[in-house]
1. I need every pair where a residue in region B:84-105 that is under 30 Å from A:Thr69 (Cβ atoms) has its Cβ under 7 Å from the Cβ of a residue that is of a type in the set (S, T, N, Q) and surrounded by fewer than 23 Cβ atoms within 10 Å (Cβ to Cβ), sequence separation at least 6 or different chains.
2. Sort through B:Gly46, B:Gly38 and tell me the only one that's crowded, with 23+ Cβ neighbours inside 10 Å and at pLDDT below 95.
3. Do the conditions hold for B:Ala16, that is, is it surrounded by 15 or more Cβ atoms within 10 Å (Cβ to Cβ) and either under 26 Å from A:Ser73 (Cα atoms) or among the hydroxyl-bearing types (Ser, Thr, Tyr) (or both)?
4. Within region B:4-106, which strands (runs of 3 or more DSSP E) (wholly inside it) include 2 or more residues that are within 19 Å of A:Arg170 (Cβ to Cβ) and within 14 Å of chain A (Cβ to nearest Cβ)?
Amino acid sequence: MNTTQLKQWLTELAAVIADNRDELSKLDQALGDGDHGINMHRGFQAVLAELPNIKEEDEPAALLQKVATILISKVGGASGPLYGTAFLRMSAACKGKQTLDDETMVVALKQAAEGIAQRGKAAPGEGTLLDVWSTVANEARETGMDWNQLESSAREGMEATKDMVVKRGRGAILGEQSVGHIDPGAVSSYYLFKTLCNTMKGSE
Amino acid sequence: MADRRVAILLISHVKALADGAQALMQQANRDVGIYACGGLEDGEIGTSIERIRTVIDGIPSDHDILVFYDIGSAKMNAEMAQEFEPNRTIMISDAPLIEGGYVATIHAGLGKGIEEVKRNAESSYQKGE
């Protein structure tokens, strides 16, 4: 994966978030404060605006770090720090490489998932976006960067949050009543991986 | 008396809430530095690291900073702001924003150090993680 592919991915992700912002906010009304779609849309539109300034020869790590900074400052709420931390950790794992090989991406995904867990003081199985990130990171470590497989893992991770009792964030206030609701952060994370897999499959 | 003074930073999702809490505490002691960071830039409800960092920048560097927050994501943003300012002593208290901040103001006004102020605020009022 190189900087051009990263830019393609982020462009597609911004479009998917724009198309689904109302759905994301609606999901968030059940578990949070109903602004996940608006916040993510604001953040990824700012990312989109930055992309023309990124040159093909810039390192992927530089772009990932830029995205982290933008998300941290523009998304707000809990999602800003969580997504921001994920991109920061991926950037750190990719430093010094012009093209990211599979091994680097496996490490980047693992460290992103660990970063989210640390920032949110969360563990897998608590009904958050971490369930998507950790499922994908584990799958990548076990079977490698198979994009079809990783997209299914992301979907599984997202769907699994529906049956979980939410233990972190505002959804935790609902306790058992949170069962039956899919986590909005898990859905936006699914979009992130779905668009990533699409971009990479398209360039194979 | 501790060597360094303690400033209180109140982070809320709502501007009026942070400003109101600040007014309440300032009335208890006019000499303690109490700083409010409520809501987003445009007056919307939320918390942002950028706004928190701007307020922190305005706190004199000879003050240690004790943070009180309202709900979860405010804490997460406060923690990130804390990581961005490694050269400052910033501690985050899980005591409730208003009650904890009020107790902290009284103790900061007595010239106690940040750890003691935090301990006093938390031993009066406890809340979960």
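The values are calculated or read from the model by the stated rules, or taken from the named source; none is laboratory data. Because the structure is predicted, anything quoted here is derived from the model rather than measured. Every residue, glycine among them, receives a Cβ derived from its backbone with ideal geometry; neighbour counts consider all protein chains shown.
1. B:Ile90/B:Gln82; B:Ile92/B:Gln82
2. Matching residue, one of B:Gly46, B:Gly38: B:Gly46.
3. no
4. Counting at least 2 such residues, we get B:5-12.
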